[in-house]
1. Among (1) closer than 16 Å to Ala191 by Cα; (2) buried (at least 16 other Cβ atoms within 10 Å of the Cβ); (3) more than 13 Å from the chain's Cα centre (by Cα), where does Leu181 come up short?
2. Is there a residue in segment 133-140 that is modelled with pLDDT of 95 or more, out of contact with any Cys (no Cβ under 9 Å at 6 or more places or on another chain) and within 27 Å of Arg106 (Cα to Cα)?
3. Regarding Gln128, is this residue part of a strand (DSSP E or B), in contact with a strand residue (DSSP E or B) (Cβ under 7 Å, 6 or more places away or on another chain) and in contact (Cβ under 8 Å) with a residue 60 or more places away in the chain?
4. For segment 142-198, which positions are among the polar types (S, T, N, Q), closer than 17 Å to Glu55 by Cβ and outside any helix (DSSP H, G or I)?
5. Test Ile118 against the criterion of being of a type outside the set (Gly, Ala, Ser), part of a loop (DSSP other than H, G, I, E, B), surrounded by 13 or more Cβ atoms within 10 Å (Cβ to Cβ) and in contact with a strand residue (DSSP E or B) (Cβ under 6 Å, 6 or more places away or on another chain), and give yes or no.
6. Would you say Glu84 is closer than 17 Å to Leu181 by Cα, of a type in the set (Asp, Glu) and touching a residue at least 12 places away in the same chain (Cβ under 8 Å)?
7. Taking segment 113-132 as the search range and keeping residues that are hydrophobic (A, V, I, L, M, F, W, C) and modelled with pLDDT of 95 or more, which one is farthest from the chain's Cα centre (by Cα)?
8. Can you name every one of the strands (runs of 3 or more DSSP E) wholly within segment 11-95 that holds 1 or more residues which are surrounded by 10 or more Cβ atoms within 10 Å (Cβ to Cβ) and at pLDDT below 95?
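The values are calculated or read from the model by the stated rules, or taken from the named source; none is laboratory data. All of these numbers come straight from a predicted model, not from anything done at the bench. FYI the Cβ positions are ideal-geometry reconstructions off the backbone, even for glycines, and counts take in every protein chain you see.
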Amino acid sequence: MRHLLAYYLIAVMLSALAGCATTPRSRFYILEPVKTDASAQPAELATAVGVGPVELPKYLDRPQIAVRSGANELFYDETQRWAEALQDNVTAVLAENLSRLIPTDRVAVFPWGRTTTIDYQVVAQISQFDADANGNIVLSANWKLYREQNREVVAQKKTTFTEAVDGAGYTGIVAAQSRALVSLSLEIAGAIRAAVSH
């Protein structure tokens with residue numbers, strides 16, 4: 001009986017080890033900020049910009065990267081994951097993009113401290129940010145720009161950007177998402193520069 005129990009335990013252990021050996025390893029991704037040529041940038045502004053809140057839909061509030069497999073169907077691969085919460089990553093990259101595109105070194109991410117002075121605040125509600133069944137990234141967002149002094153809305157827009165996924169696998173998907181976020185950042189940066197100049 002003891003021999004049978006020992007054989008059983010060994011078989012279970014070997015089966016568990018075999019399972020570990022065949023389990024695919026997870027891969028982790030982050031969005032990249034825009035790359036800029038410092039020599040081609042306009043003069044830096046002293047404008048202080050606050051970024052956030054930036055809201056994402058609940059279906060994106062999970063570690064797995066969302067891909068659409070049909071008009072009403074989403075696919076999540078357990079091994080293809082964001083390295084941090086996507087909402088935090090989007091907010092941080094949007095802030096970094098604006099600091100480079102405006103440009104200004106006075107960018108704060110919501111929530112900022114009471115002692116932080118803000119001239120303009122960007123808020124955004126993102127309704128879609130994923131790969132569709134046609135191999136494109138779709139970023140749909142509704143954003144507003146407030147002048148902090150009197151809480152006046154100086155710009156607002158509902159916008160959609162599409163980027164073709166031109167790389168392989170999830171690396172290509174995340175790269176296209178980064179480019180779509182750059183397009184949104186360029187639009188907002190233009191609105192901030194226009195507001196400052198008036």
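1. All conditions pass for Leu181, except number (3).
2. yes
3. Values: part of a strand (DSSP E or B): yes; in contact with a strand residue (DSSP E or B) (Cβ under 7 Å, 6 or more places away or on another chain): yes; in contact (Cβ under 8 Å) with a residue 60 or more places away in the chain: yes.
For Gln128, the condition - part of a strand (DSSP E or B), in contact with a strand residue (DSSP E or B) (Cβ under 7 Å, 6 or more places away or on another chain) and in contact (Cβ under 8 Å) with a residue 60 or more places away in the chain - is met.
4. Result: Asn142, Gln156, Thr159, Thr160.
5. Details: of a type outside the set (Gly, Ala, Ser): yes; part of a loop (DSSP other than H, G, I, E, B): yes; surrounded by 13 or more Cβ atoms within 10 Å (Cβ to Cβ): yes; in contact with a strand residue (DSSP E or B) (Cβ under 6 Å, 6 or more places away or on another chain): yes.
Here the answer is yes, as Ile118 does meet what is asked.
6. Yes; evaluated as a whole, the condition is true for this residue.
7. First, pick out the residues of segment 113-132 that are hydrophobic (A, V, I, L, M, F, W, C): 118, 122-124, 126, 129, 131.
Of the ones still in play, those that are also modelled with pLDDT of 95 or more are 118, 122-124, 126, 129.
Numbers: Ile118: 23, Val122: 16, Val123: 14, Ala124: 12, Ile126: 10, Phe129: 8 Å.
Ranking the qualifying residues of segment 113-132, first place goes to Ile118.
8. Numbers: elements: 27-29, 49-55, 64-70, 73-82.
The qualifying strands (runs of 3 or more DSSP E) are 64-70, 73-82.
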